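Okay, structure first, notes after.
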Amino acid sequence: MGVNVPAERSATSSQIEGAPVAHTASPWPRLALLALLLLAFAHAVILLDAKDLWWDESLSLQRAEENLPDLVRGVLVITDGLSEVPTIDQHPFFSFLLQGALIRLAGDSVFVLRYVSAMAAALFAASTWTWGRWLVRRELAAPSTAWWATLLAAISPFLLWYGQEARPYALWAALALLSTYLLVRATDGERLDIRFLAGFLAIEAAFALTHYYAVFLIALHGLILALYFLRRRLVAGLLLTAGLLLFGAAVGGYAAWTIFSQGGGQNFASISLRILVPDLVNAFSLGLSVDLAVVWPLDLLFGLTALAGAIWSLRSKAAWARGGWILPAALLLPVAIVLLLDRIQPLYMNARHLSLLVGPFLLLTGAGIAQLYRWRAWAGTLLALVFVAGIGYSTVNYHTQELYAKDDYTRLGEYMQGRIMPGDAVLYYPPSSWRIFEYYLPMAPVHAAMAEGAPLAVYGLPLLNRSFDETYAWLRELGEQYDRVWVVKSGTHPYFDLDGAMEGWLRDNFLRVRDAEFFSHSSLRAQLYLPEIPVFEQLPAGVTRPVTAEFGDLIRLAGFDAGTAVAPDLPAQLRLYWQVISKPERRYRYIWSLVEERATGERVTLALVEREPYEGDIPTLYWDPGKTIMEFVEFPPLAEAPADGARRFYTMQLYDAETQEKLPVTRVEGGTIDGDGMTAIFPAEAP
């Protein structure tokens, strides 16, 4: 690291003091660089909030929302609504500190939460440029290296994926590149550059406090410093190196205790180069939005190009002495450490946990393209176009293919809008998904109504600190207290109930009438259970409005209970009691309306429900005579009082679900038949 700077660099920097400088340089390179950096920023920030958060990102939200001491400690509290379990997160605090500051300034929208990662992707591209220029100045890479490497960084599918995710991986990748660059600049000359050293120490701290696996690169940083100070026999410098390595050891020890004590740190029982190399090369070249089995030839070409860049940087002893070994070592040393430690404790989870490698990989790939470009411009350009085409294919997949989408919590929230009513219990399954469910589901009015004593409940499932048998007993009691039980399920973090025992018990003991899934690759479901089968031999005695309305001598409305709203933004509970006169051979839908007739005779529909009974889950086609089927209906609430001199009444119509033909009302008791002969009318006020 102490070798003299190449002559071309010295000539550029040595100007006669006081002599006029001619500003004849073309502005186009700077404009091109600006375009690349803007491309990197746009690549990450455009459609930044198009995909919903996923479970891991909800952990970032939880961390960012915590008070400062708990944020720094990594406290994550899991609750089931009855008890809480504090846990310690497996990531240090720096990225969450930035997110916490942002959400306090700009709100907790998906865009704001992910903005730190998007900015990190832009910083990564800028750091790639500075690295590429350093390689060229040190004659470790061909002249166009910085351009090719920065282009790859600006459009990287890996940086797109994690630049649009509210997790620390993009920031970690950028800090890995920047910290190493500042260190090589600090040790670039015969004298240590204190400015770059101070910058390195600051970024190194941020780097280590963004992801614990930073210790894999801190070992390389210690080696760079040690070689620099050993050649100069600087004892103070060696003490600085020892301090850096002790810092890395402390971080590594704390990380091991934090991660392994909670059973984390591994997705593979064991790994090998056969697993690791294809996974990493594919991730850092074409990203996660491709099928490795299909694109492996292009992955191989990326890998060979990076290898060519590494070979050129190691082509001679002089190149080694100028620092040509640093990038290959930055790429290989963390992999070697992971493989070595795998013999003791498996560490590898997936490529995102080694995102500190993406910078060296893209720089060496850019160097390989530049070397080919210097030999034959057309060949280098063609190779770059092939890579860009592959990256474009991956990028289109990322934005358009359902296979690479995240769970659609927005659709789940829209589905649940207006479906939770008094008498419902909502269970978050598992309880570790509580925060992300609360983020997307319309639960604010539910909690507000609960605070006012409304018959509603929200819990997690299975219960924390309880055995499954205790949870089953609690579910049985819950079914006695509430009319319906919603189970909102995510399969992303299934470790509380790996065998699905809770669902099995619910299916065996309650009646499941709804199981809504949200696109084929999603793990989200909304399931509705009834603790009691809603079928009776006759009309129950407690019905408040026993009436009769027969439609087409087929279907009879035998009564209804019209509950009152508990909140202006929650539906009221309506119960309809159905009977069939003769078994229907078709499916029918109904329209239940609340109508206000003004003093002028004008009729205004205030609210209505139009659907099949149980939204088609228990259709009329399967009803049998001699039974009464009770249906729970979510009826929109009303805030305004009746107009002066107005009267309100309910109306009911039935029609064929296929032909839309309405059934005539053939008999009514407790109400009247409207003039159209197809509408039954009942007073809104109970007699």
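The values are calculated or read from the model by the stated rules, or taken from the named source; none is laboratory data. Being a predicted model, the structure only gives us computed values, none of them experimental. So basically every Cβ, Gly included, is an ideal-geometry build from the backbone, and we count neighbours across all protein chains shown.
Given the criteria within 20 Å of Phe635 (Cβ to Cβ), in a loop (DSSP other than H, G, I, E, B) and in contact (Cβ under 8 Å) with a residue 40 or more places away in the chain, does Leu594 qualify? It is false that Leu594 is within 20 Å of Phe635 (Cβ to Cβ), in a loop (DSSP other than H, G, I, E, B) and in contact (Cβ under 8 Å) with a residue 40 or more places away in the chain.
Could you identify the single residue in Ser127, Ser144, Ser58, Ser117 that is crowded, with 16+ Cβ neighbours inside 10 Å, within 20 Å of the chain's Cα centre (by Cα) and under 21 Å from Tyr181 (Cβ atoms)?
Numbers: Ser127 fails: within 20 Å of the chain's Cα centre (by Cα); Ser144 fails: within 20 Å of the chain's Cα centre (by Cα); Ser58 fails: under 21 Å from Tyr181 (Cβ atoms).
Answer to the selection: Ser117.
Here Gly390, Gly368, Gly380 are screened, and the one residue that is over 23 Å from Ser179 (Cβ atoms) and either in contact with a Ser or Thr (Cβ under 6 Å, 6 or more places away or on another chain) or not assigned by TED's automatic domain parsing to the domain that holds Phe158 (or both) is Gly368.
A quick yes/no check of all residues on (1) touching a Cys at 6+ places or on another chain (Cβ under 8 Å); (2) small (Gly, Ala, Ser); (3) within 30 Å of Ser144 (Cβ to Cβ); (4) surrounded by fewer than 20 Cβ atoms within 10 Å (Cβ to Cβ):
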position: Leu356; (1), (2), (3), (4): no, no, yes, no
position: Phe361; (1), (2), (3), (4): no, no, yes, no
position: Trp375; (1), (2), (3), (4): no, no, yes, yes
position: Asn397; (1), (2), (3), (4): no, no, yes, yes
position: Leu403; (1), (2), (3), (4): no, no, no, yes
position: Ile420; (1), (2), (3), (4): no, no, no, no
position: Tyr429; (1), (2), (3), (4): no, no, no, no
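Restricted to the stretch 508-524, and to residues that are in contact (Cβ under 8 Å) with a residue 60 or more places away in the chain and within 24 Å of the chain's Cα centre (by Cα), which residue is surrounded by the most Cβ atoms within 10 Å (Cβ to Cβ)? Across the stretch 508-524, the extreme among qualifying residues is Leu524. On the given criteria, is Arg195 in the same structural domain as Asp342 (by TED's automatic domain parsing), of a type in the set (Lys, Arg) and buried (at least 17 other Cβ atoms within 10 Å of the Cβ)? The answer is no for Arg195. Any idea how many residues of the stretch 643-674 are over 46 Å from the mean Cα position of the chain (by Cα), of a type outside the set (D, E, K, R) and outside any strand (DSSP E or B)? Matching residues across the stretch 643-674 total 7.
Within the set Arg603, Arg587, Arg598, Arg648, the sole residue that is basic (Lys, Arg) and under 22 Å from Asp561 (Cα atoms) turns out to be Arg648.
Could you please let me know if Ile681 is surrounded by 15 or more Cβ atoms within 10 Å (Cβ to Cβ), free of Cβ contacts under 8 Å to residues at least 12 places away in the same chain, out of contact with any Leu (no Cβ under 9 Å at 6 or more places or on another chain) and closer than 27 Å to Arg598 by Cβ? Give the steps one after another, and end with the answer.
On the way: surrounded by 15 or more Cβ atoms within 10 Å (Cβ to Cβ): yes; free of Cβ contacts under 8 Å to residues at least 12 places away in the same chain: no; out of contact with any Leu (no Cβ under 9 Å at 6 or more places or on another chain): yes; closer than 27 Å to Arg598 by Cβ: yes.
No.
In the stretch 333-354, the residues that are outside the structural domain of Trp172 (by TED's automatic domain parsing) and of a type in the set (Phe, Trp, Tyr) never reach a residue that is surrounded by fewer than 18 Cβ atoms within 10 Å (Cβ to Cβ) and modelled with pLDDT of 85 or more with C-beta atoms less than 9 angstrom apart, at least six apart or across chains. With (1) more than 30 Å from Pro442 (Cβ to Cβ); (2) crowded, with 17+ Cβ neighbours inside 10 Å as the list, and Thr659 as the residue in question, which single condition is left unmet? Every listed condition holds for Thr659 apart from (2). Checking Gly453, Gly423, Gly418 one by one, the residue that is on the phi > 0 side of the Ramachandran plot and without any contact (Cβ under 8 Å) to a residue 24 or more places away in the chain is Gly453 and no other. Which of the residues belonging to the stretch 61-78 are in contact with a strand residue (DSSP E or B) (Cβ under 8 Å, 6 or more places away or on another chain) and buried (at least 17 other Cβ atoms within 10 Å of the Cβ)? Correct list: Gln62, Arg63, Glu66, Gly74, Leu76, Ile78. So, of the residues in the stretch 467-507 that are free of Cβ contacts under 8 Å to residues at least 12 places away in the same chain and either over 29 Å from the mean Cα position of the chain (by Cα) or surrounded by 13 or more Cβ atoms within 10 Å (Cβ to Cβ) (or both), which turns out to be nearest to Ile436 (Cα to Cα)? In this case the residue turns out to be Gly500.
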